[in-house]
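Visitor: Structure in structure tokens, see below.
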Amino acid sequence: MRKKIVAGNWKMNTTVTEGVALARAIVSKKNEVPEGVSLVVAPPFTHLTFVAAALKGTDIALSAQNCAYEPKGAFTGEVSAAMLKDAGCAYTILGHSERREYYGENSAKLVKKINLALDNGLKVIFCVGEKLAERKMGNHFEVVGAQISEVLFTLTPEQMKQIVIAYEPVWAIGTGVTATAEEAQEIHAFIRKTIAARFGEAIAEETTILYGGSCKPSNAKELFACPDIDGGLIGGASLNADDFLAIAKSY
Ligand code: PGA
């Protein structure tokens, strides 16, 4: 059985104080989450060591939202994969559409980042997803297929086992518009088939594929009921402990 994950992407929200309070609130009600559902939280860089302390002794995993594409040195403003591991991260998100859109993140950079993350013992939540115009033109399979092949197909099978994929249609992120369960399932199944074609059925069956984009307590149940949806990457709704936990309890 592949792992079910509900991950909170806090983006550029909360102060350290607020973030620690949010982490503590999640920890205090973690016992309500069904067994077999793993929680991950991804606060901003400045919060990581503090949130790591708040999560200590729990099985809630810490994630970063990004990492540098060079290992160390004169790269002002960047944070390396080694630093994230040292700060207590088990995961980093890579390739989020906001990084692709606003910070020029492309597949070449993502290949470098993903290798550094894996070399430093981090698992990766690798995000893919099409824009509205691409969906309207019916190009979403092609776009998502290319995002996967350009980066994930460069990995070894052993590396691929450390990857969680998050399908996040850009038109659904922060918009309140969610993909229907049917639309999401269709592309999740396509993603699994794409992974199977390169890495084989066994690895594809074990790969956790999350849905992201306006996932909330009211729609999580229907999405998570789909056979190829293994959880969610939650933005807005992860900033409220009760909403985040309600999503996790949708299983
Ligand atoms: P959202 O963000 O839940 O606020 O739409 C999801 C994401 O970007 O990871």
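Here, each number is a calculation from the coordinates, and none is a lab measurement. Quick caveat: nothing in here was measured; it's all calculated off a predicted structure. Using ideal geometry, Cβ is built from the backbone for each residue, glycine included, and neighbour counts are taken over all protein chains shown.
Visitor: What order do you get for THR46, THR17 when you list them from fewest to most C-beta neighbours inside 10 Å? Could you put the intermediate results ahead of the total?
Guide: On the way: THR46 13, THR17 10.
Least to most surrounded, the residues fall as THR17, THR46.
Visitor: Let me ask something else. Could you tell me which of ILE209, LEU245, ALA108 has its Cα farthest along the dipole of the stretch 105-251 towards the positive end, charges placed at Cβ (Lys, Arg +1; Asp, Glu -1), taken about the Cα centre?
Guide: Farthest towards the positive pole: ALA108.
Visitor: Given Cβ point charges of +1 (Lys, Arg) and -1 (Asp, Glu) and nothing else, what value in debye, to the nearest 20, does the dipole of the chain about its Cα centre take? The partial results should precede the final answer.
Guide: Numbers: 26 positive and 28 negative charges, 84 e Å.
With only Lys, Arg, Asp and Glu charged at Cβ, the dipole is about 400 debye.
Visitor: If you place +1 on the Cβ of every Lys and Arg, -1 on the Cβ of every Asp and Glu, and leave all else neutral, what size is the dipole of the stretch 24-156 about its Cα centre, to the nearest 20 Debye? Provide the component values of the computation, followed by the final result.
Guide: Working: 15 positive and 14 negative charges, 48 e Å.
Here the stretch 24-156 has a charge dipole of around 220 debye.
Visitor: Taking the alpha-carbon centroid of each part, what is the distance from the stretch 105-181 to the stretch 190-219 in angstrom?
Guide: 10 Å
Visitor: Go through THR46, TYR91, GLN147 and say which Cα lies farthest out towards the positive end of the charge dipole of the chain; charges sit on Cβ, +1 for Lys and Arg, -1 for Asp and Glu.
Guide: The residue sitting farthest along the positive end of the dipole is THR46.
Visitor: Given R₀ = 41 Å, FRET efficiency for GLU32-GLU183 by Cβ-Cβ distance, to 0.05?
Guide: Numbers: r = 30 Å, r/R0 = 0.72.
The formula returns an efficiency of 0.90 here.
Visitor: Could you give the length gained on full extension between THR58 and GLU206, defined as 0.36 nm per residue of separation minus the Cα-Cα distance, in nm?
Guide: On the way: separation 148, 0.36 × 148 = 53.28 nm, distance 2.41 nm.
Separation in residues times 0.36 nm, less the Cα-Cα distance, equals 50.9 nm.
Visitor: At 222 nm, what helix-only mean residue ellipticity would the chain give, in deg cm²/dmol to the nearest 500, using -39500 (n - 2.57) for each DSSP H run of four or more?
Guide: -12000 deg cm²/dmol
Visitor: Also, quick follow-up: Under 1.5 on a/c is rounded, so check that first for the stretch 75-189, then, if it is not, pick prolate when a/b is larger than b/c and oblate when it is not; a ≥ b ≥ c are the square roots of the alpha carbon gyration tensor eigenvalues.
Guide: Working: a/c = 1.94, a/b = 1.67, b/c = 1.16.
It comes out prolate by the Cα gyration axes.
Visitor: Students often forget the sequence filter, so: which aspartates and glutamates lie under 19 Å Cα-Cα from LYS11 once same-chain residues fewer than 8 apart are removed?
Guide: GLU78, GLU98, GLU101, GLU105, GLU168, ASP242, ASP243
Visitor: A further question on this structure: By the gyration tensor of its Cα atoms, with a ≥ b ≥ c the square roots of the eigenvalues, what is the shape of the chain: rounded for a/c under 1.5, prolate for a/b over b/c, or oblate? If you can, show how the numbers build up before the last one.
Guide: Details: a/c = 1.44, a/b = 1.09, b/c = 1.32.
Because its axes are fairly even, with a/c under 1.5, the chain counts as rounded.
Visitor: Taking a 24 Å limit on the Cα-Cα distance, which of the listed pairs LYS3/LYS72; LYS85/LYS249; LYS3/LYS85 fall beyond it?
Guide: Too far apart for the 24 Å limit: LYS3/LYS72; LYS85/LYS249.
Visitor: Extending each Cα 7 Å along its Cβ direction at THR154 and ALA25, get the distance between those two points in nm, one decimal.
Guide: Distance between the two pseudo-spin positions: 4.0 nm.
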